[in-house]
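Accompanying notes for the structure given below.
The values are calculated or read from the model by the stated rules, or taken from the named source; none is laboratory data. Bear in mind the structure is a predicted one, so any value in this text is a computation, not a measurement. All Cβ positions, glycine included, derive from the backbone under ideal geometry; neighbour counts span all protein chains shown.
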Amino acid sequence: MPTFVYMTRCDGCGHCVDICPSDIMHIDTTYRRAYNIEPNMCWECYSCVKACPQNAIDVRGYADFAPLGHSVRAVRDEEKGVIAWRIKFRNGKKDLSLLAPITTKPWGKYIPQLRDVPAPTQEQRDSQYLYNEPKYIRMDDGGIHTLETNGLKIVEGVQY
Amino acid sequence: MAYKTIVEDNIDILVAGAGLGGTGAAFEARYWGQNKKIVIAEKANIDRSGAVAQGLYAINCYMGTRFGENNPEDHVRYARIDLMGMVREDLLFDMARHVDSAVHQFEEWGMPIMRDLEKGSFLREGRWQIMIHGESYKPLVAEAAKKSADKVYNRVAVTHLLMDEAKENRVAGAVGFNVRTGNFHVFKSKTVVCGAGGASNIFKPRSVGEGAGRVWYAPWSSGSAYALMINAGAKMTQMENRIVLARFKDGYGPVGAYFLHLKTYTQNAYGEEYESKWFPALQKMVGKEYLDPELSHATHRPIPTCLRNHAIINEVNAGRGPIHMVTMHSFQDPHLEEIGWHNFLGMTVGQAVLWAATDVDPKYQNPELTTSEPYVMGSHATGCGAWCSGPEDISPPEYQWGYNRMMTVEGLFGAGDAVGGTPHAFSSGSFTEGRISAKSACKYIDDGKAEGIRVTDSQINKLKEEVYKPMEHYKIHRNDIVAGSVNPNYINPRQALDRLQKLMDEYAGGVTVSYMTNDKLLSIGLMKMKILEEDLEKVAASDLHELLRAWEVKHRHRTSECVMQHTLFRKETRWPGYYYRGDAMKVDDENWHVLTVSRRDPQTGAYTMEKAPLYHLVEDETAAAAE
Ligand SMILES: Cc1cc2nc3c(=O)[nH]c(=O)nc-3n(C[C@H](O)[C@H](O)[C@H](O)COP(=O)(O)OP(=O)(O)OC[C@H]3O[C@@H](n4cnc5c(N)ncnc54)[C@H](O)[C@@H]3O)c2cc1C
Ligand code: SF4
Ligand code: SF4
């Protein structure tokens, strides 16, 4: 379901160009507005749709199997931490509005800066632990799983 | 060529491709290497790149040891049976024992994970899957990576790994070009963590024309991880284990939550249960060990995914298609109906668009299912990828030559789709593997293993010339013709991709041949592949975007060639439902209960194939239960 850009809404800001993982949103040199240069490499991932401040990008079903006349719109609100969806069927019989959270915490604050946490000890370096382990595995002080702790041994299984 | 050369020197850890694996690596690298220089090179924008660009509605790999749910060995057993015996149990156990700590951090960072209010645990979709509102999964892990990295280069497509000229078989960084500015980037680095993702679009997709981008795995999954590693001479494993997915028709919407959480089920066009009909014959083909419906029923041991595909493929070929997903019952419950739609919006919006366009309301109509074209990847229910060293405390000697997740090229590490033999890692497991490799990479450097790396200008200049060749070629020959895309001296990247897909489809067991191939087809396919490689030397790019596509198709080609070599080598049909060797239809445990390993000689292009022993670290569930 490739994207297209409404001529009257786009102001050529380039957010969609910046984000598209497939590198297919480009600015048209004549009109100074964005468009999809390679619809058959579009995954309808909606990354550009969500990024567009003007709501100028929409999606229409792929010509080779989807008829015209439907719509699926998304508005993503980082401040409120939600995304709103509206799905309209071609026959007009269904019109769904759905809302989902995108994060439970404000952006930019809760992920630790590992440059500033205490450096790992030599013992930690020599162990199998990763950052925040073992605590973060079981959320208590239980250690990491090994073959021994779990009562396992290498079973002869080599076959040719 | 007018493009500038930008050299980033003295890098300790270069992350090539920052999807779920790469972001995990960048994040963790900062902890073990607080004074190290960490750089990311990513062909898109890390905020929305890779397979998780549009989000996910489930984390498919979570043990839940915290809630007393599973231990790592349970996951090993599960993945082993699903992959018909073939996994690297050491790597799987290692991933599984760490994966919960990644998920717990995700929740702390703000990922909305659904809770089972009665049990207090995470809401389970199935034994291994938990449900999330994962629209912003990728921006979240990208934030973690950005906080840790010294520099993030977005829109830099990595084309080659640099090799050390002082010591054979040691990596020295990577090169690539900026898709926007055209600049040539040289990353001189002590180690590289390769996280450049799996391969879609190497087989002809079911969708055509405008719809060709509607593949299940992202169209930007260009097999770069594999091609970079293969070209550097790294050993690969399980490349024959391509995956075919049963999904909702045309949109390829996921079915996991439908089966597991919404309790929907499938039937043929006439409303009949069809699966069990195919099982007796299939059991003769694969053996009771891998298909025992009674045992599965008694122990909840799942039936391998490929075998369920086999039943669909055969029922459709018998003229009783399409297969339908029975949604009409569960969707009468408004809560389940909502989850059904959210599931698509969270990770495959296209399926919602398709149903809206075709007026398919699953509440009143059972939607069609289909099987996809094959994909090559190492993190889903498939184990393609590089042959990696395992953890010191677990791995048998054949699986261990030093650093955890290091490949057979020194200093080269991997995560996610890049690592072979660790299926069922999914998003959380890929991130975890990234973390594991980052720790090892730091250790490798601290042990002084990366001293004295030398990269000469002649290596760099040679690569630079190669990188821009498609543009040069275009400039030289575009005026041979009046206009248009038909030129006797070059093909464009799309034409090359179409040819590759047709070739793989017809000779390596794609959709149009019902996933069937044999030794003759594969041998012819490999010859055609060589000729395509010659033509890829003449691929023409009219601009930087096409230069990106040119390198993607070159990477896809190399990946495909390796897939063919592996499929030819393994003389059995190990995964019926993923592919069939018409000349060796049975699972042949006596000769092929082994892992397959290949190496392409970077100088000659010749492949060496070998069998590697399969160690079982964990006993069977049945054996354990009998004790
Ligand atoms: C439709 C779909 C549904 C899925 N559902 C689930 C699910 O419900 N739960 C779950 O846990 N997992 C799910 N997965 C699987 C999960 O997304 C993958 O297992 C995981 O993302 C793999 O991580 P990776 O790092 O190996 O690859 P990716 O995340 O794909 O990352 C690869 C990165 O490399 C970059 N790259 C590629 N080539 C180059 C190059 N040449 N130079 C520089 N950069 C490059 C890409 O842009 C990308 O950022 C799903 C995947 C898909 C596609
Ligand atoms: S939907 Fe995704 S792939 Fe398509 S143009 Fe937008 S960002 Fe690119
Ligand atoms: S983000 Fe929207 S407004 Fe900005 S260039 Fe793209 S389509 Fe136009």
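Here are some notes:
- Selection of the range B:112-153 for residues being in a loop (DSSP other than H, G, I, E, B) and surrounded by fewer than 20 Cβ atoms within 10 Å (Cβ to Cβ) yields B:Met114, B:Asp116, B:Leu117, B:Glu118, B:Lys119, B:Gly120, B:Ser121, B:Leu123, B:Gly126, B:Arg127, B:Asp150.
- From B:Asn487, B:Asn492, residue being in contact with a strand residue (DSSP E or B) (Cβ under 9 Å, 6 or more places away or on another chain) and either on the phi < 0 side of the Ramachandran plot or of a type in the set (Lys, Arg) (or both): B:Asn492
- Only one of B:Leu568, B:Leu617, B:Leu522, B:Leu547 that is under 30 Å from B:Gln283 (Cβ atoms) and within 13 Å of chain A (Cβ to nearest Cβ): B:Leu617
- Residue satisfying condition, being more than 16 Å from ligand 1 (Cβ to nearest atom) and modelled with pLDDT of 95 or more, within set A:Ile19, A:Ile27: A:Ile27
- Looking only at residues in the range A:27-48 that are aliphatic (A, V, I, L, M) and within 12 Å of chain B (Cβ to nearest Cβ), the one that is farthest from ligand 3 (Cβ to nearest atom) is A:Met41.
- The residue that is nearest to ligand 1 (Cβ to nearest atom), among those in the range B:231-246 that are over 17 Å from the mean Cα position of the chain (by Cα) and not hydrophobic (A, V, I, L, M, F, W, C), is B:Asn231.
Condition check ((1) closer than 24 Å to B:Ser136 by Cα; (2) free of Cβ contacts under 8 Å to residues at least 12 places away in the same chain; (3) surrounded by fewer than 18 Cβ atoms within 10 Å (Cβ to Cβ)) across all residues:
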| residue | (1), (2), (3) |
| --- | --- |
| A:Pro2 | yes, no, no |
| A:Val5 | yes, no, no |
| A:Gly14 | yes, no, yes |
| A:Val17 | yes, no, no |
| A:Arg32 | no, no, yes |
| A:Asn40 | no, no, no |
| A:Cys48 | yes, no, no |
| A:Ala51 | yes, no, no |
| A:Arg60 | yes, no, no |
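- Selected residue (criterion: farthest from B:Gly378 (Cα to Cα)) from residues of the range B:55-98 that are surrounded by fewer than 24 Cβ atoms within 10 Å (Cβ to Cβ) and small (Gly, Ala, Ser): B:Gly68
- Those residues of the range B:197-228 which are within 13 Å of ligand 2 (Cβ to nearest atom), among the hydrophobic types (A, V, I, L, M, F, W, C), touching a residue at least 24 places away in the same chain (Cβ under 8 Å) and crowded, with 23+ Cβ neighbours inside 10 Å, in sequence order: B:Ala218, B:Trp220
- A:Lys80 meets the conditions (1) basic (Lys, Arg); (2) surrounded by fewer than 21 Cβ atoms within 10 Å (Cβ to Cβ); (3) facing another protein chain (nearest Cβ under 9 Å) in every case but one. The failed one is (3).
- For the range B:38-47, the criterion of being more than 7 Å from ligand 1 (Cβ to nearest atom) and either under 18 Å from the mean Cα position of the chain (by Cα) or farther than 25 Å from B:Val193 by Cα (or both) is satisfied by no residue at all.
- Taking the criterion of being out of contact with any Leu (no Cβ under 6 Å at 6 or more places or on another chain), part of a helix (DSSP H, G or I) and not basic (Lys, Arg), the residues of the range B:283-301 that qualify are B:Met285, B:Val286, B:Pro293, B:Glu294, B:Leu295, B:Ser296, B:His297, B:Ala298, B:Thr299.
To keep it simple, each residue is scored yes or no on (1) assigned to a loop (DSSP other than H, G, I, E, B); (2) within 14 Å of ligand 1 (Cβ to nearest atom); (3) of a type in the set (Val, Ile, Thr); (4) at pLDDT 95 or above.
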position: B:Pro219; (1), (2), (3), (4): yes, yes, no, yes
position: B:Ala225; (1), (2), (3), (4): no, yes, no, yes
position: B:Ala257; (1), (2), (3), (4): no, yes, no, no
position: B:Tyr270; (1), (2), (3), (4): yes, no, no, yes
position: B:Phe279; (1), (2), (3), (4): no, no, no, yes
position: B:Ile303; (1), (2), (3), (4): yes, no, yes, no
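- Of all residues in the range B:1-41, those that are assigned to a strand (DSSP E or B) and of a type outside the set (Gly, Ala, Ser) total 14.
- Qualifying positions in the range A:64-74 - hydrophobic (A, V, I, L, M, F, W, C) and within 15 Å of ligand 2 (Cβ to nearest atom): A:Ala66, A:Val72, A:Ala74
- Residue that is farthest from B:Arg88 (Cα to Cα) [pool: residues in the range B:571-601 that are in contact with a helix residue (DSSP H, G or I) (Cβ under 6 Å, 6 or more places away or on another chain) and part of a loop (DSSP other than H, G, I, E, B)]: B:Asp583
- Among the residues listed as B:Arg206, B:Arg180, the single one being part of a loop (DSSP other than H, G, I, E, B) and within 16 Å of ligand 3 (Cβ to nearest atom): B:Arg180
- Residue satisfying condition, being within 16 Å of ligand 2 (Cβ to nearest atom) and in contact with a strand residue (DSSP E or B) (Cβ under 9 Å, 6 or more places away or on another chain), within set A:Val82, A:Val49: A:Val49
- Scanning the range A:109-130 for residues that are surrounded by fewer than 13 Cβ atoms within 10 Å (Cβ to Cβ) and more than 7 Å from chain B (Cβ to nearest Cβ) yields a count of 7.
- Taken over the range B:356-384, the criterion of being more than 21 Å from B:Ser224 (Cβ to Cβ), among the aliphatic types (A, V, I, L, M) and away from every other protein chain (no Cβ under 14 Å) is satisfied by B:Leu369, B:Ala381.
- For A:Phe65, the criteria (1) at pLDDT 95 or above; (2) within 8 Å of chain B (Cβ to nearest Cβ) hold in every case but one, which is (1).
- Checking each residue in the range B:84-107 for being touching a Lys or Arg at 6+ places or on another chain (Cβ under 9 Å), over 14 Å from A:Glu133 (Cβ atoms) and part of a helix (DSSP H, G or I) picks out B:Glu89, B:Leu91, B:Leu92.
- Condition broken by B:Ala508, with the remaining ones in (1) farther than 29 Å from B:Ala172 by Cα; (2) surrounded by fewer than 18 Cβ atoms within 10 Å (Cβ to Cβ) satisfied: (2)
- Within the range A:30-51, the only residue that satisfies the criterion of being closer than 18 Å to B:Gln54 by Cβ, away from ligand 1 (no atom under 16 Å from the Cβ) and small (Gly, Ala, Ser) is A:Ala51.
- The residues of the range A:1-24 that are within 11 Å of chain B (Cβ to nearest Cβ) and closer than 23 Å to B:Pro205 by Cβ, listed by number, are A:Met1, A:Pro2, A:Thr3, A:Cys20, A:Pro21, A:Ser22, A:Asp23, A:Ile24.
- Criterion applied to A:Asp11, A:Asp23, A:Asp58 was being within 14 Å of ligand 2 (Cβ to nearest atom), of a type outside the set (Ser, Thr, Tyr) and either at positive phi or assigned to a loop (DSSP other than H, G, I, E, B) (or both), and the one residue passing it is A:Asp23.
- Some residue of the range B:579-586 being out of contact with any Lys or Arg (no Cβ under 6 Å at 6 or more places or on another chain) and crowded, with 23+ Cβ neighbours inside 10 Å: yes
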